[in-house]
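Structure first, then comments.
The values are calculated or read from the model by the stated rules, or taken from the named source; none is laboratory data. For clarity, every value in this text was computed on a predicted model and none was experimentally measured. Heads up, the Cβs are rebuilt from the backbone with ideal geometry, glycines too, and the neighbour counts pull from every protein chain shown. Each accessible area value is taken on the protein alone, full model and side chains, heavy atoms only, with ligands, DNA and RNA left out. Shrake-Rupley method; radii C 1.70, N 1.55, O 1.52, S 1.80 Å.
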Amino acid sequence: LRPASGSRQQDAPGAADGLALASDPGGTLNFLAMVENLQGDSGRGYYLEMLIGTPPQALNILVDTGSSNFAVAGVPDPDVTSYFNPELSSTYRSQGIEVTVKYSQGSWTGVLGTDVITMPKGLDGSYTINIATILESENFFLPGVKWHGILGLAYDALAKPSSSVETFFDSLVRQAKIPNIFSLQMCGAGLPVSGSGTNGGSLVLGGIEPSLYTGDIWYTPIKEEWYYQVEILKLEVGGQNLELDCREYNADKAIVDSGTTLLRLPEKVFSAVVQAIARTSLIQEFSSGFWTGSQLACWDRTEKPWALFPKLSIYLRDENSSRSFRISILPQLYIQPILVIGDNLQCYRFGISSSTNALVIGATVMEGFYVIFDRAQRRVGFAVSPCAEADGSPVSEIEGPFTTADVASNCVSSVSFHEPVLWIASYALMSLCGIILLVLIVLLLIPPRCQHRYTDNDVVNDESSLVRHRWK
């Protein structure tokens with residue numbers, strides 16, 4: 001396997017162990033075979049071709065580091081061009097377990113099963129994987145998308161209906177004996193967010209491909225293994241610190257999620273960022289609808305509005321907790337071309353939005369970097385991506401190290417707010433309230449001398465959203 005050349009291994013003794021040192025039974029992994037195995041764009045997601053079942057059925061699968069189920073369309077849908085028919089596969093085995101996942105916009109319900117998959121531009125060989133065949137969906141498959149399913153690459157803690165469902169990548173690690181690491185490059189910087197769908201990108205399973213990055217890899221620890229949760233220390237707009245308490249940036253979590261199109265910021269942070277961009281931009285008056293996503297901003301096609309806007313920097317804690325590094329995106333990544341009107345106008349959207357429950361480093365930022373999900377060493381790495389260019393100039397930067405003396409020693413709440421914990425707490429409170437209400441009713445309706453019995457409330461099938469703020 002290829003070594004992680006150029007990475008800052010001197011800051012983490014033994015950091016190379018487990019990255020790209022193991023090999024599959026057939027010999028050395030060929031990472032170059034996985035280069036440019038993705039297609040798509042930031043507006044509708046990046047997808048990988050897979051062959052599912054026997055004989056194989058070809059489908060495009062959305063790459064999503066913010067969820068953990070592998071699910072494919074199992075019946076015809078007006079918004080998908082292909083679907084997986086399990087009845088045509090001799091190797092499909094149904095588990096007969098229904099699974100539902102709801103998003104902030106969209107949901108699907110399906111049945112769990114297993115089948116074999118191969119990847120034309122992935123690992124050699126075929127592997128038996130848990131697959132949810134989607135039988136019903138609402139606003140999940142959107143008009144114009146060119147994918148037919150979703151590949152959840154987060155941890156099993158998010159898998160539905162329970163964490164006992166082995167995830168796609170865990171199955172690959174176990175069966176192919178590859179290192180527990182994958183890396184992702186999405187190449188859509190400066191291009192229309194809903195273009196031809198052929199911008200390209202790379203999903204490297206089992207290691208790091210040096211041709212996909214320049215300079216050093218900077219690593220930040222994974223704080224919790226559910227989403228890829230990281231710790232953000234501060235934000236700067238045009239080189240000016242927002243001066244917010246660092247816990248505001250991590251309320252209630254900060255995650256790296258390829259299935260989210262935008263950079264999503266907690267409401268207080270979003271408001272501060274918008275004010276700072278408006279203050280430091282060269283535009284004196286700007287419609288508020290542009291910042292909220294309800295309006296586009298249009299310029300003559302001969303103009304490039306990016307020079308009017310400032311750079312945005314995100315500081316992440318280094319593996320050495322007393323240091324940090326910053327990833328910066330130029331406006332070419334967050335002022336995004338989306339629509340051409342007539343012969344003269346190019347319209348743009350604001351690639352940042354507000355969130356009620358997380359800071360989400362989505363495609364708006366990820367398109368600037370080669371991102372390494374090093375599960376073996378519980379860290380996420382960032383390196384500058386060579387494809388993050390517009391008009392021949394880089395649109396992303398990484399700099400460091402910086403001292404963390406000016407921020408708190410821990411910017412992440414010590415309380416774990418995992419959804420499963422919230423569900424359990426909710427069930428307990430609902431059950432308690434139900435019992436109290438039942439007792440009160442019994443006391444009112446039955447004479448005191450009579451004995452009474454009551455039963456526990458039925459178990460509630462919670463279908464709350466696991467993954468929020470998806471394709472807008």
message: On the basis of being within 18 Å of S202 (Cβ to Cβ) and touching a helix residue (DSSP H, G or I) at 6+ places or on another chain (Cβ under 8 Å), does V365 make the cut?
response: yes
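Just wondering, is there one or more residues in segment 198-205 that are over 18 Å from the mean Cα position of the chain (by Cα) and modelled with pLDDT under 95? Before you say what the answer is, go through the steps one by one.
Residues of segment 198-205 over 18 Å from the mean Cα position of the chain (by Cα): 198-199.
Subset that is modelled with pLDDT under 95: 198-199.
The answer is yes, given that some residue of segment 198-205 is over 18 Å from the mean Cα position of the chain (by Cα) and modelled with pLDDT under 95.
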- prompt: In segment 131-158, which residue that is of a type outside the set (F, W, Y), assigned to a loop (DSSP other than H, G, I, E, B) and modelled with pLDDT of 95 or more is nearest to A71 (Cα to Cα)?
  reply: H148
- request: Please go through segment 33-48 and pick out each residue that is assigned to a helix (DSSP H, G or I) and either farther than 19 Å from E209 by Cβ or modelled with pLDDT under 90 (or both).
  value: A33
- prompt: Out of (1) assigned to a loop (DSSP other than H, G, I, E, B); (2) farther than 21 Å from L172 by Cβ, the odd one out for T91 is which?
  reply: (2)
- prompt: Which of (1) closer than 24 Å to W226 by Cβ; (2) at pLDDT below 95; (3) in a strand (DSSP E or B) is the odd one out, the single condition I61 does not satisfy?
  reply: (2)
- line: The condition of being in contact with a Phe, Trp or Tyr (Cβ under 9 Å, 6 or more places away or on another chain), within 17 Å of E236 (Cα to Cα), in the same structural domain as Y213 (by the TED database) and hydroxyl-bearing (S, T, Y) holds, among S355, S328, S324, S385, only for S324
query: Here are I131, I150, I181: which of them is under 18 Å from the mean Cα position of the chain (by Cα), within 20 Å of Q57 (Cβ to Cβ) and among the aliphatic types (A, V, I, L, M)?
result: I150
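Out of D343, D391, D406, which single residue is at positive phi, of a type in the set (D, E, K, R) and open to solvent by 10 Å² or more (accessible area, probe 1.4 Å)? Let's see the steps before the verdict.
Numbers: D343 fails: at positive phi; D406 fails: at positive phi.
The match here is D391.
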message: Return the residues of segment 83-97 that are open to solvent by 40 Å² or more (accessible area, probe 1.4 Å) and touching a residue at least 40 places away in the same chain (Cβ under 8 Å); say none if nothing qualifies.
response: Y83, I97
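Could you tell me which of the residues E138, E166 is closer than 20 Å to G96 by Cβ, touching a residue at least 12 places away in the same chain (Cβ under 8 Å) and not small (G, A, S)?
Details: E138 fails: closer than 20 Å to G96 by Cβ.
The unique qualifying residue is E166.
One line per residue, one yes/no per condition, for (1) at pLDDT below 95; (2) open to solvent by 30 Å² or more (accessible area, probe 1.4 Å); (3) not hydroxyl-bearing (S, T, Y):
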residue: D170; (1), (2), (3): no, yes, yes
residue: V173; (1), (2), (3): no, yes, yes
residue: L191; (1), (2), (3): yes, yes, yes
residue: I232; (1), (2), (3): no, no, yes
residue: G239; (1), (2), (3): yes, yes, yes
residue: N250; (1), (2), (3): no, no, yes
residue: S258; (1), (2), (3): yes, no, no
residue: Q275; (1), (2), (3): yes, yes, yes
query: Only one of T114, T128, T100 is open to solvent by 10 Å² or more (accessible area, probe 1.4 Å), out of contact with any Phe, Trp or Tyr (no Cβ under 8 Å at 6 or more places or on another chain) and not in a loop (DSSP other than H, G, I, E, B); which?
result: T128
message: Return the residues of segment 340-387 that are among the aliphatic types (A, V, I, L, M), farther than 16 Å from V63 by Cβ and in a strand (DSSP E or B); say none if nothing qualifies.
response: V340, I341, L345, I352, L359, A383, V384
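Tell me, which residue of segment 281-333 that is of a type in the set (G, A, S) and open to solvent by less than 50 Å² (accessible area, probe 1.4 Å) is nearest to A408 (Cα to Cα)? Give the steps one after another, and end with the answer.
Step one: filter segment 281-333 for residues of a type in the set (G, A, S), giving 281, 287-289, 293-294, 297, 307, 313, 321-322, 324, 328.
From the residues that got through so far, the ones that are open to solvent by less than 50 Å² (accessible area, probe 1.4 Å) too are 281, 289, 297, 313, 324, 328.
Numbers: S281: 30, G289: 35, A297: 38, S313: 19, S324: 12, S328: 22 Å.
Among them, the one singled out is S324.
Do we have S164 as buried (at least 17 other Cβ atoms within 10 Å of the Cβ) and out of contact with any Lys or Arg (no Cβ under 6 Å at 6 or more places or on another chain) here?
On the way: buried (at least 17 other Cβ atoms within 10 Å of the Cβ): no; out of contact with any Lys or Arg (no Cβ under 6 Å at 6 or more places or on another chain): yes.
Here the answer is no, as S164 does not meet what is asked.
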